[in-house]
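For reference, the structure discussed in these notes is given below.
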Amino acid sequence: MVEEVRSPLVAEGALQPSPDQPGGTPAWRPSLVALDIDGTLLKWIEGAGTTHEEIAPAVRDAVHRALAAGAHVVLASGRSPHGMTPVADLLGLHDDGSERLWIVASNGAVVLRYPPIEVVHEETFDARPAVSAILERHPTALVAVEERGVGYRVNRHFPDGELSGEMTLADVDDIVAGPVSRVIIRDPDATADEFVALAEDLGLHGTNYVVGWTAWLDLAPVGVSKASGLEYVAHELGLSAADVLAIGDGRNDIEMLRWAGRGVAMGQAIQPVIDAADDVTESVYEDGAATELDAWFGDGSPGPAE
């Protein structure tokens, strides 16, 4: 797992004193905004295991105020690259013809520029031992590996709406025969708590893992998370964790929220996610991401209301 780093809110030399601050104390404002997608930008469809593919106007407007203020907006998700670019399009992140976007996909294993899609960094690993150990406990589980630009190679079809792109059937041995950046294990007959216990019991040596809202397990290389992917982007932009505002709601956001100078959990997040954050905003159903962004980029910003 990525080493936990609690960064100061103000990086040395990153900000100039604000005349609005008594004594010339620098007023912190994020230079990079890292946004989770499902449950942060997109609202969950109750009981369906997927989200509405539409952006609330309040959220879109708040994101564009951040862009207008000069912040870099980076999408960071467990989704594959081809599952993230449509959200960038919905947000209109590149409508003004500005420089290409940075996107952190596959829970940090893949970093890309867009448009067009250009993978600039990827971490891979041998998933065979971990997948074999999990299937011994859950022999009927579904297994998927991204087939970039197409969809996923799967041992059986996943429930509708859970994967983007086409699903190509293949044997598990073939799916994980070579190095991969991410493996998805899904058991519709199990629960998230059962998968948390399973991962802890097995140890899953040589891999990092994240359990989703359901019995959904993401496997990635050790040390890879949204935080490590964002660290790569920040370095390329000449920034540090101290310059970052991160907003998320899932277990796969925990490292990101701990790493960022300010990590904010969505109001509907489970307690471990809230515990990892510096603050909590409203839920995705109340456009909590817009509330947090407007604290820094809206009228009267920077800073959340006391």
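A short reminder: the numbers here are calculations on the coordinates, not readings from a lab. This is a predicted model, so every value here is computed, not measured. Please note: Cβ atoms are built from the backbone with ideal geometry, for glycine as well, and neighbour counts cover all protein chains shown.
Percent of alpha carbon pairs in segment 156-306 separated by more than 18 Å?
Numbers: 7540 of 11325 pairs.
Counting every Cα pair in segment 156-306, those more than 18 Å apart make up 67 percent.
Projecting each Cα onto the charge dipole of the chain (Lys/Arg +1, Asp/Glu -1 at the beta carbon, about the Cα centre), which of Thr214, Gly288, Ala76 comes out farthest on the positive side?
Value: Ala76.
Tell me which label goes with the value of Cα extents along the principal axes in Å computed from the coordinates here: (i) 64, 38, 35; (ii) 58, 43, 38; (iii) 80, 51, 38.
Checking each listed value against the structure points to (i).
Check which residues have an amide H placed less than 5 Å from Val120's amide H, if you skip close sequence neighbours.
For Val120, whose amide H was placed from the backbone, the distant partners under 5 Å are Val111, Leu112, Arg113.
If you plug each phi of segment 269-283 into the Karplus form 6.51 cos²θ - 1.76 cosθ + 1.60 with θ = phi - 60°, what whole-Hz ³J(HN,Hα) values come out, in order, with x for Gly and Pro?
The phi angles translate into 5, 6, 4, x, 6, 4, 5, 7, 8, 7, 7, 10, 9, 6, 6 Hz.
Which value in deg cm²/dmol, rounded to the nearest 500, describes the helix-derived mean residue ellipticity at 222 nm for the chain, given -39,500 (n - 2.57) per DSSP H run of n ≥ 4 and division by the residue count?
Numbers: 9 runs with 81 residues, N = 306.
Roughly -7500 deg cm²/dmol at 222 nm, from the helical runs in the chain.
Convex hull over the Cα atoms of segment 94-240, averaged projected area in nm²?
Working: hull surface 38.6 nm².
Taking the Cα atoms of segment 94-240, their convex hull projects to 9.7 nm² on average.
Stokes-Einstein at 20 °C, 1.002 mPa s, Kirkwood radius from Cα pairs: D for segment 101-188 in µm² s⁻¹? Intermediate results must be reported in sequence, preceding the final value.
On the way: Rh = 13.8 Å.
It comes out at roughly 156 µm²/s.
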